[in-house]
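One structure below.
The values are calculated or read from the model by the stated rules, or taken from the named source; none is laboratory data. Remember, predicted model here, so these are calculated numbers, not experimental data. All Cβ positions, glycine included, derive from the backbone under ideal geometry; neighbour counts span all protein chains shown. The protein model used for the area step is the full one, side chains on, heavy atoms only, and it has no ligands, DNA or RNA in it. Shrake-Rupley method; radii C 1.70, N 1.55, O 1.52, S 1.80 Å.
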Amino acid sequence: MTKREAMTLVGLVTLLCVVFLLSLVLGSTAISLHRVLMALLGTPSDGTSAIVVRTIRLPRSVTAMLAGASLGIAGLQMQTLFRNPLADPFALGISSGASLGVALVVLSSGYGAAAAFGSATGIRGDALITAAAIVGAALVLGLVLIVSSRIVNPTTVLILGLMFGYAVSAVVTVLVGASQPERLAQWAQWGFGSFSGVTWQRLQLFGPLTFFGVLIAAATTKQLNALLLGESYARSMGLAVRRARLLTMLSASVLGAVVTAFCGPISFLGIAVPHVCRGLLSTSDHRVLVPAVVLMGSAGALFAEIVSLLPGSAGVLPLNAVTSLMGAPVVVAVLLRSRRGVVVG
Amino acid sequence: MTAALRTRDLAVGYRTRRTRRAVLEHVNLAVHPGELVCLLGPNGIGKSTLLRTLARMQPALWGSVHLGGSDLRSITNIELARCLGVVLTERVAVEALSVRRLVELGRYPHSGWFRRITDSDRTAVEWAIDAVGARHLAERDFSRLSDGERQRVMIGRALAQEPVLLILDEPTAFLDVPSRVELIGLLRRLTRERPLAVVVSTHDLELALRTADVVWLFMPGGELVTGAPEDVVLAGNLARAFEGRQIRFHPEERSFRLVTGDRGEAVVHGAGLRARLAAAVLEREGYAVTNATAADGLVVHARETGWRVTNDHTERSGADFASLAAFLRGRRTAS
C-alpha cells in the first residue's frame, strides 16, 4: 500500500466518524454533541434526547452505513465483473424484482387479505413489504443466474439482466395503472427509499445479512483483481472464472436485494461510490478499493440521509431523490475526467 | 530433453451440439525449453484455434496435449497457470493500475486465497519487470502506456507466473514496426536467457523467419509444416502456403514482393545500395529485373552521380530515383 493510499484511507475513516456523529446530532431538532455522546456511552441522563438518539437516530445511522457499504461493494463487484462503469447492484434486475414483490403485495387486491393475514399472525405491514421485496428479488435473481450459467459472454449476462428488469418493470407499471389511489400512496412511499424503517429489531436480520455480504467481497479481492484484465486472462492465471462469476453475482445481488427490501430502491450509491474511490486512490486494486468503498459508501449514505431529513425542519425529502441528485453529477464528473470517457468493456 | 509441450494426434476445431469441425488434425508437435516457435499462416486458417487448444482455453477435439509431461486434462487451473503464461491479442482496458501491480497479478497461481504477497512473490515480480525491460515503467499507470509498452508489461505479467511455456496470440497485432521488432527480439532473448519455451503466432512473416528457432506453418488444406525456418523455405512451403495471390515469395531474401514484370525485363548495371534501390524502382514500376543482358530489355546504369538509361535509341539520365520513376512512368504512357 502506498503512502497516498494509506493517507486516503485514514482520511475516509475520519470523514466517516464526522458524518456519523453529525447524523446523530442533526435531525428535526438538533441534539448537542455532548448529549449525543452521553447517550451513546450509556450515561443515564436527560430522558428524551437519549431515547431519540438510541432508538431512532442510532439504528437509522447504522442502517444507513450498512446499506451504503453494501451498495458500494456490490457496485464495485458488478463493475469489475462486467468491466462496465455503469454496472451497479441492480444491473441484473434485482430492484425491479423487489418492486414487483412489493407491488404485488401493496397494489394487488389481495393486499387487504394479506394485511388481515399479517395482523392475525403479528407481522406488521412493513415487514410484509420487506418479505415481498426479498421474494421478488430472489425470484428474478434466480432466473437470471439459471439462464446466465449457460452464457459465456459477461456482456450478454448484463444485457439479459437489463431486459429482465424492463420486463418486470412493465408488469409493475401494469399493476400501478390498475390500482387505487390510496394504495399508490403507500407504493410511492416505498419507492422513495428510507433508512428510518429499520428498527433495532429488524437490524438483527439486516445487520448480519449485509455484514456477511460485505465479508464475501472482502474475501474475494484476489479473485476480483484477477478479473480486472478480463475473463480470458483471469482464467489463464488460474482463476476458476465461472465459480468466481457466480459467487460475485450472487453476493452483489443479495446485498442489493437485502438493501432494497429493507430500505427501498436507493439509486446511484452503487454506481457512484466505486468511481469516487477509484478517483481518490488512482488505483483499481481491490485490496485498497474494498476498504475504501466500505468507508466511502457508509459516509455517502449517512450524508444523503442527513440531507434528506432537512435538518431543523419537519419536512423530509425522498432519500432516493437525494442519492440521485448527489450521485448523478459525481458519475458524470468522474467519467468526464477519465481520459477515455468510458471504460471499454 | 523433456519437451515443454507435446501433442499426440491432436485435432483442433469447433464442436457444436452434434458435429465436430476440425481445422487441423493429426498434429504431433513438440516444443523444447529454450525454443522460440513462430506460428505462421494466412488469416482465419485456425492459428488462434490451435493456440487456444494448446492453452486449454478450448477443448481438443481428439488427441492430447502434454505440458511438462502431464496431460492438460488432468491438471487444475492453478497447476496449469504455474506452467503456462498466456498473452492475447485483445487490448486490455483497465483504468488506474500501476505496472507493478499489474505484473503482480501474475502471482495469482502462487499466492494463497487472501493474496498475501510474500518476499518470493516480490522477487519474482521485480525479476519479471526487469526481464521485459520495464523497470522505468514500474510506477506508471498501465492505461497510459503505449501499445508496445503495454504488451511488454503483459508479457512481464505472464513471466511472473514463472511458466515453462509462454503462448502469445498475435502480440504484435496493434504495434508499429519498431515495437514489433523489439517485441519479437524480447521473446528471443527470453528463450536464450532461461529454459523458457515460447510459442507465438504472428503475421510478421519476414521477422519470424529471421528470428524463430522453429516455424509452424499452416498450409492450405489443413496441414501443419514444421521445421527450422531455412528448411521450410528450402522445401518451398512458404511459397505454397501463400500462393495464388498477387505476391511471390523470394527465398533468397526470405521476403514477399508484389508479382511484377508485365512491362518487360530490365538490367541494372552498378553495385552497392544504389544498384539495389534502382532495381527496387524498376520492380515497383512493373519491370522484371534480371541479371543477364536482355536483347530488348531496358538497361539502367546506377552511379554515384545518378542514373542513366541507354535504350530506346535515346539516352536519358537523372540525379535521383524520383526522376527515374517519373521517366519509367512516362514510358508507360508513351507505349
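The set of residues in the stretch A:276-289 that are open to solvent by less than 10 Å² (accessible area, probe 1.4 Å) and part of a helix (DSSP H, G or I) comprises A:CYS277, A:LEU281, A:HIS286, A:VAL288, A:LEU289.
Looking only at residues of the stretch B:7-33 that are touching a residue at least 24 places away in the same chain (Cβ under 8 Å) and closer than 15 Å to B:GLY227 by Cα, we find that the one that is nearest to the chain's Cα centre (by Cα) is B:VAL31. Can you name the number of the only condition in (1) more than 14 Å from chain B (Cβ to nearest Cβ); (2) assigned to a helix (DSSP H, G or I) that A:PRO311 fails? (2) is the only condition that A:PRO311 fails.
Listed here are the residues, each with its yes/no results for (1) assigned to a strand (DSSP E or B); (2) open to solvent by 10 Å² or more (accessible area, probe 1.4 Å); (3) β-branched (Val, Ile, Thr).
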| residue | (1), (2), (3) |
| --- | --- |
| B:PRO59 | no, yes, no |
| B:ARG73 | no, yes, no |
| B:GLU79 | no, yes, no |
| B:GLU90 | no, yes, no |
| B:GLU95 | no, yes, no |
| B:LEU102 | no, no, no |
| B:ILE117 | no, yes, yes |
| B:SER120 | no, yes, no |
| B:TRP127 | no, yes, no |
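Of all the listed residues (B:ARG91, B:ARG52, B:ARG73, B:ARG100), the sole one being under 21 Å from B:LEU137 (Cα atoms) and more than 9 Å from chain A (Cβ to nearest Cβ) is B:ARG100. Filtering the stretch A:182-201 for residues that are of a type in the set (Lys, Arg), closer than 20 Å to A:SER298 by Cβ and open to solvent by 10 Å² or more (accessible area, probe 1.4 Å) leaves an empty set. Within the stretch B:207-255, being touching a Phe, Trp or Tyr at 6+ places or on another chain (Cβ under 9 Å), touching a residue at least 24 places away in the same chain (Cβ under 8 Å) and either assigned to a helix (DSSP H, G or I) or crowded, with 16+ Cβ neighbours inside 10 Å (or both) holds for B:LEU224, B:THR226, B:VAL233, B:LEU238, B:ALA241, B:PHE242. Screening A:LEU145, A:LEU203, A:LEU141 for residues that are touching a helix residue (DSSP H, G or I) at 6+ places or on another chain (Cβ under 9 Å) and modelled with pLDDT of 85 or more leaves exactly one candidate, A:LEU203. Listed conditions (1) under 28 Å from the mean Cα position of the chain (by Cα); (2) open to solvent by less than 40 Å² (accessible area, probe 1.4 Å); (3) more than 8 Å from chain A (Cβ to nearest Cβ) are all met by B:VAL86, apart from (3).
For the stretch B:144-161, taking the residues that are within 18 Å of B:ARG91 (Cβ to Cβ) and of a type in the set (Gly, Ala, Ser), the one that is surrounded by the fewest Cβ atoms within 10 Å (Cβ to Cβ) is identified as B:SER146.
Of the helices (runs of 4 or more DSSP H) lying entirely inside the stretch A:127-229, the ones with 3 or more residues being within 14 Å of chain B (Cβ to nearest Cβ) and closer than 20 Å to A:VAL258 by Cβ are found at A:200-219.
Across the stretch B:129-143, the number of residues qualifying as within 18 Å of B:VAL92 (Cβ to Cβ), in a helix (DSSP H, G or I) and away from chain A (no Cβ under 14 Å) comes to 2.
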